[in-house]
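Notes for the one structure printed next.
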């Protein structure tokens, strides 16, 4: 059996930062599109809530009798915030936001894998993983449950499982696995080189904390690229061990 490391920490970090810089304008455009999608979703939810509030106010149905409709906007706010509808609306909003975030995250995983495989990708890949959203959402629920249970046992088990199962989105995107198969494959691959995996993650966290607010703008995409690098290198190590 080959006991060599799957990758070095320096190589993983270097790939993340170098590829981010080389594709900087692509990632800027990608970030602006993500912001636009989230903003459109939030504005859409706000517009629907406002419309329902309008429909529930008595003065809306006698709008011609009111000289200045804008003076009565507070009535709409009071109706929306003071009715049972608000609890339902907030629940729907957060569920919708979670599903949207998972959808976009899967697209980002596809883009990171494309950059590793071919040193390029397309913006359209951000919206290419619709068919896998349901699987990823269910897997995220199981993943969160495992991490929560682990946290109950002196925190460290939760961190350990959080890292070991964290490749599940890449597995779903790349291999189209099911819920438990994706988690199992993530754990199996991460087990190939735990030392390098945990060292790379700790190193990136240290860079984040030392870099302050500026590093926050970089961390997401660098993290995504670094994970794609680890995923592919762990796959390669696994293939070599089977020979």
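Got at least one residue in region 215-227 being closer than 30 Å to residue 21 by Cβ, crowded, with 21+ Cβ neighbours inside 10 Å and out of contact with any helix residue (DSSP H, G or I) (no Cβ under 6 Å at 6 or more places or on another chain)?
Yes, there is a match, as at least one residue in region 215-227 is closer than 30 Å to residue 21 by Cβ, crowded, with 21+ Cβ neighbours inside 10 Å and out of contact with any helix residue (DSSP H, G or I) (no Cβ under 6 Å at 6 or more places or on another chain).
Among the residues of region 148-158, is any under 21 Å from residue 107 (Cα atoms) and over 16 Å from the mean Cα position of the chain (by Cα)?
no
Is there a residue being within 17 Å of the chain's Cα centre (by Cα), under 30 Å from residue 39 (Cβ atoms) and not in a helix (DSSP H, G or I) anywhere in region 159-166?
yes
Of everything in region 120-157, what is touching a helix residue (DSSP H, G or I) at 6+ places or on another chain (Cβ under 9 Å) and at pLDDT below 90? Give them in sequence order.
The answer is 150, 151, 152, 156, 157.
Residue-wise test of (1) in contact (Cβ under 8 Å) with a residue 24 or more places away in the chain; (2) closer than 30 Å to residue 18 by Cα; (3) within 17 Å of the chain's Cα centre (by Cα); (4) in a helix (DSSP H, G or I).
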{"site": "90", "(1), (2), (3), (4)": "no, no, no, yes"}
{"site": "95", "(1), (2), (3), (4)": "no, no, yes, yes"}
{"site": "134", "(1), (2), (3), (4)": "no, no, yes, yes"}
{"site": "139", "(1), (2), (3), (4)": "yes, no, yes, yes"}
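The values are calculated or read from the model by the stated rules, or taken from the named source; none is laboratory data. It should be emphasised that the depicted structure is a prediction, and the values quoted were computed from it without experimental measurement. Counting neighbours? That spans all protein chains shown, and the Cβs are built from the backbone with ideal geometry, glycine included.
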